[in-house]
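Report on the structure given below.
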Amino acid sequence: MSDKTMTADEVVARLRSGMTIGIGGWGSRRKPMALVRALLRSDVTDLTVVSYAGPDVGLLAAAGRIRTLVAPFATLDSIPLEPHFTAARQQGGLELVELDEAMFMWGLTAASQRLPFLPVRAGLGSDVLLVNPRLRTVVSPYEDGEEFVAAPALRLDAALVHLNRADTHGNAQYLGPDPYFDDLFCQAADAAYVSCEQLVDTADLLKDAAPQTLLVKRAFVTGVVQAPNGAHFTSCAPDHDRDETFQRAYALASRDPEAWQAFTDRYLSVDEEAYQAAVAAFHKERA
């Protein structure tokens, strides 16, 4: 078995402008933020981003990197609407392809199985069919003749996800309350990159953990990045909770161009080590 360990910058060096990139996690929970920050330090742009969107989308939208966003929502959880997404949407800064949460999941499932779509009941009778005119319906070829929404496959050039633990071969494990469909993101992509809180030996992945926590299999992973606190400021239970104080500062900075420039200079124009040091200094200042 090959060693797939990489750095975040090595992952981003494999990404290209115009790609369709899926980002795992959910809202402001277990997002691969270290990989997103590395992406922001690159010149990769004109992206189609597929995400249960949170600050990953907010940061990329604020930097003008997103051409099209495919998402069911964009939230910081404790702050209902992601502020940079909201601004970009209001200003026409990106194209939004809206799906409901179930359609999104089945779109990833269809892509993971290399199908063009999957029939789903989700969305029937809702306005999602009005706001997303690309959606089509299909009729069952059997006696029931039931009509379904044809949830389109969400095929990805690359996927970025963050989990609690991984081995060097690409097996990855979540230890928190929810898998957030990260396995589907990896299976729907031509290349998948996993960042993790900790790299461990393969045998240690099942130490004090149930087999079903082995969410991502090595066959679907291209590269693994050890990134302690790499989901910050989103949560990565049980390793750490969401940094609500920092998230609030992020949201407040989004309201004023000068404040946002200062935030960008301090936290986003630096490498990951400097970012983590700046976050530590931020909390020390408030103590």
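The values are calculated or read from the model by the stated rules, or taken from the named source; none is laboratory data. Predicted model, so just to flag it, every value in this text is computed and none were measured. When we count neighbours, we look across all protein chains shown, and the Cβ atoms used for this are built from the backbone with ideal geometry, even at glycine.
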Which listed residue, of S17, S51, is among the small types (G, A, S) and surrounded by fewer than 19 Cβ atoms within 10 Å (Cβ to Cβ): S17
Residue match in segment 204-223 (condition: under 21 Å from the mean Cα position of the chain (by Cα) and within 21 Å of R41 (Cβ to Cβ)): yes
Every residue from segment 248-262 that is over 16 Å from V36 (Cα atoms) and of a type outside the set (D, E): R248, A249, A251, L252, A253, S254, R255, P257, A259, W260, Q261, A262
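Every residue, every condition in (1) assigned to a helix (DSSP H, G or I); (2) surrounded by 20 or more Cβ atoms within 10 Å (Cβ to Cβ), yes or no:
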site: T86; (1), (2): yes, no
site: A102; (1), (2): yes, no
site: A110; (1), (2): yes, yes
site: P119; (1), (2): no, no
site: R134; (1), (2): no, no
site: D144; (1), (2): no, no
site: L154; (1), (2): no, yes
site: G170; (1), (2): no, yes
site: G176; (1), (2): no, no
Qualifying helices (runs of 4 or more DSSP H) (wholly inside segment 180-270; at least 2 residues being surrounded by fewer than 21 Cβ atoms within 10 Å (Cβ to Cβ)): 244-253, 257-263
Test: V161 is surrounded by 24 or more Cβ atoms within 10 Å (Cβ to Cβ), at pLDDT 95 or above and over 20 Å from the mean Cα position of the chain (by Cα): no
Residue count, segment 39-73 (criterion: under 20 Å from D190 (Cα atoms) and either within 11 Å of the chain's Cα centre (by Cα) or part of a helix (DSSP H, G or I) (or both)): 6
Flag if L96 is free of Cβ contacts under 8 Å to residues at least 24 places away in the same chain, more than 13 Å from the chain's Cα centre (by Cα), outside any helix (DSSP H, G or I) and over 17 Å from A188 (Cα atoms): no
Of all residues in segment 121-132 being of a type in the set (A, V, I, L, M) and over 25 Å from the mean Cα position of the chain (by Cα), the one that is surrounded by the fewest Cβ atoms within 10 Å (Cβ to Cβ): L130
Any pair with Cβ under 8 angstrom, 6 or more apart, that starts in segment 32-59 at a residue that is free of Cβ contacts under 8 Å to residues at least 60 places away in the same chain and more than 17 Å from E273 (Cβ to Cβ) and ends at one that is aromatic (F, W, Y) and assigned to a loop (DSSP other than H, G, I, E, B): A53/F73
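Evaluate the following for A253: is it over 19 Å from the mean Cα position of the chain (by Cα), over 22 Å from D9 (Cα atoms) and free of Cβ contacts under 8 Å to residues at least 12 places away in the same chain?
yes
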Cβ pairs under 7 Å, 6+ apart, first in segment 106-119 and within 15 Å of A159 (Cβ to Cβ), second modelled with pLDDT of 95 or more and charged (D, E, K, R): A111/R155
Filter result (more than 14 Å from Y250 (Cα to Cα) and among the charged types (D, E, K, R)) within segment 74-109: R89, E95, E98, D100, E101
Which numbered condition A62 fails, given (1) free of Cβ contacts under 8 Å to residues at least 40 places away in the same chain; (2) within 23 Å of L15 (Cα to Cα): (1)
